[in-house]
Amino acid sequence: MTAMEGTSVNTAFADFVALCRELERTPGRLEKRRLTADFLRRLDTSEVATAVAFLSGRAFPVSDPRVLGVRGLPNPPADHRSDRAPQDRGLTIADVAATFAAVAEATGAGSRRAREERLLALAARATVDERAIVHRIIGGEMRTGVSEGVVLEAIAALAGGDLPATRRAALFLGDLSVVAELAATGGAAGLAAVTPRPFVALLPMLAEIATDFGDVLAAHGGRTALEYKYDGARIQLHKDGDRVRIWSRRMSDVTRSLPDVVELARRDLPRGPVILDGEVLALDRAGRPLAFQELMRRFRRVHGVESLVGEMPLALYFFDCLMSEGRALIDAPYAERWDALTTATGGRYLARRVLVGDVATAQQVMADALAEGHEGVMAKDLKSAYEPGGRGKRWFKVKSAATVDCVIVAADRGSGRRAGWLSNYHLAVRAGDEFAAVGKTFKGLTDAEFGAMTERLQALAVGDDGYTVRVRPEVVVEVEYNEIQKSPTYPSGLALRFARIARIRDDKAPGQATTLDELRALYERQFGTKGRVV
Ligand code: AMP
């Protein structure tokens with residue numbers, strides 16, 4: 001019996017309503033966390049998953065594919081309304097969950113009516129306050145100010161306070177309801193034993209910028225794996241039997257945009273369960289790599305994908321294996337994961353890779369990568385584990401052009417040929433939770449891109465003094481520059497000289513932009529005597 005069908009458990013829905021009201025009144029994060037943890041602790045273990053879903057404004061847990069297909073709770077006719085006091089034995093959490101399950105399961109002819117009847121029956125048994133909270137759950141907006149972070153911390157408290165283990169479990173399971181249930185039933189030991197699962201996407205591991213192969217080799221103990229850095233889009237592919245799903249770097253499901261990759265995975269990859277990390281590149285009909293922007297266009301497409309498959313074939317390069325034959329490999333060393341990748345792919349669709357132990361050979365590999373039209377190389381520590389979402393010295397990216405990822409925080413109106421466009425972009429890097437301006441540029445975009453960017457930024461506008469439009473920091477651009485300079489005008493203290501936009505990075509979230517600390521480190525490195533990699 002699942003939590004959804006629970007009949008033997010009886011926590012009153014009114015208790016949940018009281019918690020929501022109290023959370024609403026409580027401004028402090030710590031206090032919200034305590035209230036939430038206390039509430040979860042009082043529940044029967046079979047109610048925990050449901051309560052966590054409800055707390056996040058969901059009728060069902062994240063990993064539960066059921067949907068309600070209704071917009072709200074209808075009002076019952078006045079003469080049917082319950083006037084029972086909330087403390088009377090009335091609705092339970094399990095009752096509400098059972099109604100949601102029945103509503104989701106109603107399909108086919110007459111299902112609309114069946115859904116409506118179920119909801120009306122629920123509404124008739126509920127108090128006004130209970131109806132309001134059910135309505136919020138259905139609408140997906142709880143307005144209690146409880147973020148996922150607070151729920152995660154409350155779950156950690158439930159499991160004896162082990163926040164890192166709870167966070168790791170949440171990362172692998174992708175669903176706080178499941179994590180909470182596990183914390184309630186298995187405690188800290190249960191959470192510690194969690195491993196990645198097929199069809200729950202993991203955050204991709206990220207790389208730090210490096211400019212010198214001597215530093216890279218030193219950080220990796222004298223030997224490193226250099227892989228070509230392909231200029232495409234990151235994908236994570238999960239396969240189990242005939243089922244294949246693919247996620248982008250920003251964790252959106254792009255399976256439907258990539259039917260050709262799905263087919264190839266069905267045909268050429270083992271049964272699984274297998275999870276691979278890689279890069280796709282769009283090619284033109286002659287097999288040359290297309291601009292990154294074109295590939296993003298395909299990622300966003302949902303309709304007419306089939307016609308793009310012919311127009312825009314893809315090249316696929318896998319570079320990591322996070323699960324093979326159902327066994328999670330993220331804690332295994334890179335060298336072992338590469339072996340598993342080679343076995344899983346039969347040696348096909350692999351990123352080109354060379355193991356190197358000296359700077360001269362590394363530079364040669366870099367030169368070859370650039371000569372073949374790629375962006376540079378990635379250097380990976382042979383002993384390193386796969387750290388989902390982690391950025392550190394285990395993976396370095398080494399590129400030919402100096403680029404940083406900036407967020408556009410404002411734009412100036414153009415004049416002359418650029419009249420009507422927002423054409424001079426204010427670029428910022430991340431400084432804690434804020435963004436610090438480090439330059440401006442009107443270079444790098446085509447006319448069509450200027451037009452599209454103007455529309456995008458206008459939709460993000462938060463202020464306008466007639467000349468400069470300030471925008472919500474959402475658009476990430478990769479910016480090339482000649483030099484990083486000390487700046488007396490920017491509060492960040494640094495400025496990019498001769499900045500130009502190399503490409504729009506819709507695959508990156510603002511939180512993945514370059515940080516001010518990274519920029520400072522790059523600034524310092526400019527003065528090294530070693531020079532640039534090539
Ligand atoms: P960047 O986007 O400049 O931060 O560089 C990291 C990105 O390079 C990754 O997220 C991948 O999308 C891409 N990439 C291309 N080739 C590789 C590779 N061999 N290993 C890891 N990442 C790669």
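The values are calculated or read from the model by the stated rules, or taken from the named source; none is laboratory data. Please read these numbers as outputs of a predicted model, since none were measured by experiment. Virtual Cβ from ideal backbone geometry, glycine too; neighbours counted across all protein chains shown.
From the residues in the stretch 197-239 that are under 23 Å from Asp507 (Cα atoms) and of a type in the set (Val, Ile, Thr), which one is surrounded by the most Cβ atoms within 10 Å (Cβ to Cβ)?
Once the filter is applied, the top-ranked residue is Ile235.
Would you be able to say whether some residue in the stretch 362-375 is over 19 Å from Val216 (Cα atoms), acidic (Asp, Glu) and at pLDDT below 95?
yes
Would you point out which residue out of Asp506, Asp465 is over 29 Å from Arg250 (Cβ atoms) and at pLDDT below 95?
Only one candidate qualifies: Asp465.
Answer yes if at least one residue in the stretch 320-333 is more than 16 Å from the ligand (Cβ to nearest atom), farther than 14 Å from Val254 by Cα and either among the basic types (Lys, Arg) or at pLDDT below 70 (or both), and no otherwise.
Yes, some residue in the stretch 320-333 is more than 16 Å from the ligand (Cβ to nearest atom), farther than 14 Å from Val254 by Cα and either among the basic types (Lys, Arg) or at pLDDT below 70 (or both).
Give Val477, Val462 a once-over and let me know the one that is within 16 Å of the ligand (Cβ to nearest atom), in a strand (DSSP E or B), closer than 18 Å to Asp412 by Cα and in contact with a strand residue (DSSP E or B) (Cβ under 8 Å, 6 or more places away or on another chain).
Of the residues listed, the single one that is within 16 Å of the ligand (Cβ to nearest atom), in a strand (DSSP E or B), closer than 18 Å to Asp412 by Cα and in contact with a strand residue (DSSP E or B) (Cβ under 8 Å, 6 or more places away or on another chain) is Val477.
Under the condition of being among the small types (Gly, Ala, Ser) and not in a loop (DSSP other than H, G, I, E, B), which residue from the stretch 486-515 is nearest to Phe450 (Cα to Cα)?
Ranking the qualifying residues of the stretch 486-515, first place goes to Ala502.
Identify all residues within the stretch 345-370 that are in a helix (DSSP H, G or I) and within 16 Å of the ligand (Cβ to nearest atom); write none if there are none.
From the stretch 345-370, those in a helix (DSSP H, G or I) are 345, 359-370; that's our starting set.
Matches in the stretch 345-370: Thr345, Ala362, Val365, Met366, Asp368, Ala369, Leu370.
Can you pull out every residue in the stretch 188-236 that is over 30 Å from Ala402 (Cα atoms) and touching a helix residue (DSSP H, G or I) at 6+ places or on another chain (Cβ under 7 Å)?
Ala188, Gly190, Leu191, Ala192, Val194, Thr195, Pro196, Arg197, Val200
Within the stretch 81-105, restricting attention to residues that are part of a loop (DSSP other than H, G, I, E, B) and of a type outside the set (D, E, K, R), which residue is modelled with the highest pLDDT? Give the derivation first.
Let us first name the residues in the stretch 81-105 that are part of a loop (DSSP other than H, G, I, E, B), namely 81-91.
Within this subset, residues satisfying the condition of being of a type outside the set (D, E, K, R) are 82, 85-87, 90-91.
Details: Ser82: 56, Ala85: 54, Pro86: 51, Gln87: 52, Gly90: 87, Leu91: 94.
Per the stated criteria, the residue is Leu91.
State which residue is farthest from Val359 (Cα to Cα) when the search covers only the stretch 377-399 and only residues that are touching a helix residue (DSSP H, G or I) at 6+ places or on another chain (Cβ under 6 Å) and away from the ligand (no atom under 12 Å from the Cβ).
Checking each candidate, the answer is Pro388.
Within the stretch 89-100, count every residue that is more than 18 Å from Arg71 (Cβ to Cβ) and within 32 Å of the chain's Cα centre (by Cα). Give the steps one after another, and end with the answer.
Here is the first cut: in the stretch 89-100, the residues more than 18 Å from Arg71 (Cβ to Cβ) are 89-95, 97-98.
If we keep only those that are within 32 Å of the chain's Cα centre (by Cα) too, we end up with 93-94, 97-98.
The total comes to 4.
Determine, yes or no, whether Ile501 is buried (at least 18 other Cβ atoms within 10 Å of the Cβ), of a type in the set (Val, Ile, Thr) and away from the ligand (no atom under 16 Å from the Cβ).
no
If we keep just the residues of the stretch 176-196 that are crowded, with 20+ Cβ neighbours inside 10 Å and part of a loop (DSSP other than H, G, I, E, B), which is farthest from the ligand (Cβ to nearest atom)?
Ranking the qualifying residues of the stretch 176-196, first place goes to Val194.
If only one of Val17, Val48, Val67 is under 24 Å from Leu120 (Cα atoms), assigned to a helix (DSSP H, G or I), at pLDDT 85 or above and of a type in the set (A, V, I, L, M, F, W, C), which one is it?
Val17
For residues in the stretch 511-520 being away from the ligand (no atom under 13 Å from the Cβ) and surrounded by 19 or more Cβ atoms within 10 Å (Cβ to Cβ), which is nearest to the chain's Cα centre (by Cα)?
That would be Leu516.
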